[in-house]
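First comes the structure, then the notes that go with it.
The values are calculated or read from the model by the stated rules, or taken from the named source; none is laboratory data. This one's a predicted model, so the numbers in the text were calculated from it and none came from an experiment. Using ideal geometry, Cβ is built from the backbone for each residue, glycine included, and neighbour counts are taken over all protein chains shown. All accessible areas refer to the heavy atoms of the entire protein, side chains included, with ligands and DNA or RNA removed. Shrake-Rupley method; radii C 1.70, N 1.55, O 1.52, S 1.80 Å.
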Amino acid sequence: PSSAMMILADVGSGNDNREEVNIVEKGGNYGWRDYEGYTSDPNYVSPIYAIPRGNGNFNGNSITGGVVYTGNDSELSELKDRYIFADYRSGNVWQLDPRAATPSDTVEFLFKDYDICGFGFDPSNGDVLYCDLVENKIKRLVRITADSVFPFTLSDTGAFADLETLTPNPGFDPFEPNLKFWSDHAKKTRWF
């Protein structure tokens with residue numbers, strides 16, 4: 001591919017079993033409507049990545065095309081020149097290197113965020129922005145460390161006044177679900 005390339009995300013259609021990422025070439029026939037995914041048929045141009053349907057970290061159901069990150073942010077330097085894209089329904093967000101010899105070998109799962117319907121850039125600094133249709137928000141791609149997102153221990157949650165008795169702090173209200181699911185006889189307590 002040349003230094004300037006058009007990358008297109010194609011929602012599966014014909015067989016309804018794959019989503020695709022394609023590098024668009026002048027006069028290229030991608031078999032849209034008639035076929036999905038990789039092919040050895042010389043009449044069609046194969047995608048650089050084909051995503052099987054499903055909800056796992058490397059599956060999708062309604063691909064949302066993305067952008068190639070060109071920013072100089074040292075926090076996200078590993079994403080430089082990578083295509084960042086998502087799946088609207090599974091919530092998966094990935095990156096791949098479109099210039100690699102085999103781009104599909106470079107795909108990495110980044111995070112989950114549902115209902116992403118588009119990508120763009122912040123014109124002031126080049127940060128990647130994405131649109132959340134359901135939350136009606138434009139969000140910014142930023143690095144969040146695991147320890148700042150989810151507490152590692154029960155005491156780190158700050159939810160309990162006394163961990164020995166599991167007495168919650170003020171402001172937590174107990175509740176019971178209408179239908180309890182099987183839990184191998186474990187006793188559970190739930191709070192809002």
Could you please give the count of residues in the range 105-141 that are open to solvent by less than 60 Å² (accessible area, probe 1.4 Å) and either touching a Leu at 6+ places or on another chain (Cβ under 6 Å) or not in a strand (DSSP E or B) (or both)?
10
Could you list all residues from the range 72-92 that are touching a Ser or Thr at 6+ places or on another chain (Cβ under 9 Å) and under 19 Å from Asp122 (Cα atoms)?
Lys80, Asp81, Arg82, Phe85, Ala86
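Name the one entry in Lys80, Lys180, Lys187 that is charged (D, E, K, R), closer than 26 Å to Asn57 by Cα and without any contact (Cβ under 8 Å) to a residue 12 or more places away in the chain. Can you show your working first?
Working: Lys180 fails: closer than 26 Å to Asn57 by Cα; Lys187 fails: closer than 26 Å to Asn57 by Cα.
After applying the criteria, what remains is Lys80.
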As an exercise: evaluate Phe85 against (1) modelled with pLDDT under 95; (2) of a type outside the set (Gly, Ala, Ser); (3) under 21 Å from Val11 (Cα atoms) and give the number of the one condition it does not meet.
(1)
Looking at this structure, is Thr64 open to solvent by 20 Å² or more (accessible area, probe 1.4 Å) and touching a residue at least 40 places away in the same chain (Cβ under 8 Å)?
no
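Scan the range 78-88 and give yes if some residue there is among the small types (Gly, Ala, Ser) and more than 24 Å from Glu135 (Cα to Cα), otherwise no. If you could, list the steps in order and put the result at the bottom.
Of all residues in the range 78-88, those among the small types (Gly, Ala, Ser) come to 86.
Still in the running and more than 24 Å from Glu135 (Cα to Cα): none.
For the range 78-88, residues among the small types (Gly, Ala, Ser) and more than 24 Å from Glu135 (Cα to Cα): absent.
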Filtered residues of the range 159-169 (kept if more than 13 Å from Trp191 (Cα to Cα) and in a loop (DSSP other than H, G, I, E, B))
Leu163, Glu164, Thr165
Only one of Asn92, Asn72, Asn17, Asn57 that is surrounded by fewer than 18 Cβ atoms within 10 Å (Cβ to Cβ), closer than 23 Å to Leu141 by Cα, in contact (Cβ under 8 Å) with a residue 12 or more places away in the chain and in contact with a strand residue (DSSP E or B) (Cβ under 9 Å, 6 or more places away or on another chain):
Asn57
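Scan the range 22-38 for residues that are open to solvent by less than 40 Å² (accessible area, probe 1.4 Å) and not small (Gly, Ala, Ser) and jot them down.
First pass over the range 22-38, keeping only residues open to solvent by less than 40 Å² (accessible area, probe 1.4 Å): 22-23, 28, 30-31, 35-37.
The answer is Asn22, Ile23, Tyr30, Tyr35, Glu36.
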Among what's in the range 76-89 and is open to solvent by less than 20 Å² (accessible area, probe 1.4 Å) and not acidic (Asp, Glu), pick the residue that is farthest from Asn55 (Cα to Cα).
Leu76
What about Asp147, is it open to solvent by 80 Å² or more (accessible area, probe 1.4 Å), of a type in the set (D, E, K, R) and modelled with pLDDT under 75?
yes
